[in-house]
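The values are calculated or read from the model by the stated rules, or taken from the named source; none is laboratory data. Everything numeric in this text was worked out from a predicted model, so none of it was measured. Note that each Cβ is placed from the backbone with ideal geometry, even for glycine, and that neighbours are counted across all protein chains shown.
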Amino acid sequence: MSFKKILGQKQPIEILQNSIQTQNLAHAYLFFGQGTVGKRTAALEFAKTINCLNPNDQDNCGECLSCEKIQKQIHPDIFFIEPTKTSATAREGFIRIDDIRELQKKIIYLPFEGKYKIVIVDQAEQLNLQAANAFLKSLEEPPKATIFILIASNIYRLIPTILSRCQGVRFNLLTPDLIQQILLAENPEDDPDLLRLKASKANGDLERARENASLNFADFRENALNLINEISFKRMDLTFKFAREWKKRSAEIPEMLDEMSYILRDLAIIKLGCSKEDIFNVDLFESLKSTAEKKQLRSLNKMFEATIESKTDLKSNLNAQLTLESMLIKFCEAS
Ligand SMILES: [Zn+2]
């Protein structure tokens, strides 16, 4: 691994390499930007490069003892802080004052092996207020030869005094092309069209794209497309059957509705004459095309609206079963 392996983040990496080249390292950096887009990897590569025994061209060798220890997270001068949950059922974890005090005891010494001690604080927005104030003291009077790297998706949750002490380095969302490329490199056996689909639904977030891989898309899509094809007031039996089936799978209804909305969107734009390249479900192009031929644009639009409405209703915790039934009635009316 080296900086070269981080895709789609040319700008932030240039900033980091530039600060190494000009020997203008900041005491504290804030790597920010939404989603899993390479911030943590970049922090690790930055730490490696700064302490590498054979650096080359502002990049690390990846092979020396220092690089190896940092990769395995056993380097005595590299410290990782991340949120922990108080119980298994807690919704989010926090970084607490004890974690910070523990860290502060360790960083008073000079580096043991490396040129710099590096503190990587992952999900820095999860510093609770007490911990943030304690941490601020270290930022204000940084120990010698110490670099802090804070990683955050949501900088608005950080206290302003922390923000003002860090050099911000912004990371970008990844393009679907790039995500597809990364997924394909990770799963060379997978169908590129299907990976493309997962990539376009991930909103620029690599982790989300990886999670998408585990969902049963095929089944959601088949259910959605069959329903759109068949539903009408004459076939109310199908409506009831559909509602009954999804009652058993209510936890999956939001994902199924997502698929429904993507399919309806695809059908509408095929109807408008757009080509295969413009749709999400590239691999279903032929069957979508034949459905689109049978449907009117107006009715597709109405179904799309009903689906989006149901998604919103579910987010505001309305009953999933009732939400689905009311959507199905609207589908019948639209058909
Ligand atoms: Zn090295």
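Descriptive notes on the structure:
- Residues satisfying the stated conditions in the stretch 113-130, i.e. out of contact with any Leu (no Cβ under 9 Å at 6 or more places or on another chain) and assigned to a strand (DSSP E or B): I118
- Total residues in the stretch 141-164 satisfying the condition of being at pLDDT 95 or above and of a type outside the set (A, V, I, L, M): the figure is 2.
- Residues (more than 9 Å from the ligand (Cβ to nearest atom) and assigned to a helix (DSSP H, G or I)) located in the stretch 49-100: I50, K69, Q71, I97, D98, D99, I100
- Screening the stretch 34-43 for residues that are surrounded by fewer than 23 Cβ atoms within 10 Å (Cβ to Cβ) and in contact (Cβ under 8 Å) with a residue 60 or more places away in the chain and picking the one that is farthest from the ligand (Cβ to nearest atom) gives Q34.
- Some residue of the stretch 1-8 being under 30 Å from G204 (Cα atoms), part of a loop (DSSP other than H, G, I, E, B), in the same structural domain as F135 (by TED's automatic domain parsing) and in contact with a Leu (Cβ under 6 Å, 6 or more places away or on another chain): yes
- Of all residues in the stretch 183-209, those satisfying the criterion of being surrounded by fewer than 20 Cβ atoms within 10 Å (Cβ to Cβ) and not in a loop (DSSP other than H, G, I, E, B) are L184, A185, E186, P192, D193, L194, E207, R208.
- Taking helices (runs of 4 or more DSSP H) as the structural unit, those lying wholly within the stretch 223-335 and holding at least 3 residues that are of a type in the set (K, R) and surrounded by fewer than 18 Cβ atoms within 10 Å (Cβ to Cβ) correspond to 236-248, 297-315.
- Cross-chain or 6+ apart pairs with Cβ under 9 Å, the stretch 53-75 first and farther than 21 Å from R40 by Cα and of a type outside the set (A, V, I, L, M), then within 6 Å of the ligand (Cβ to nearest atom) and not in a loop (DSSP other than H, G, I, E, B): N54/C67
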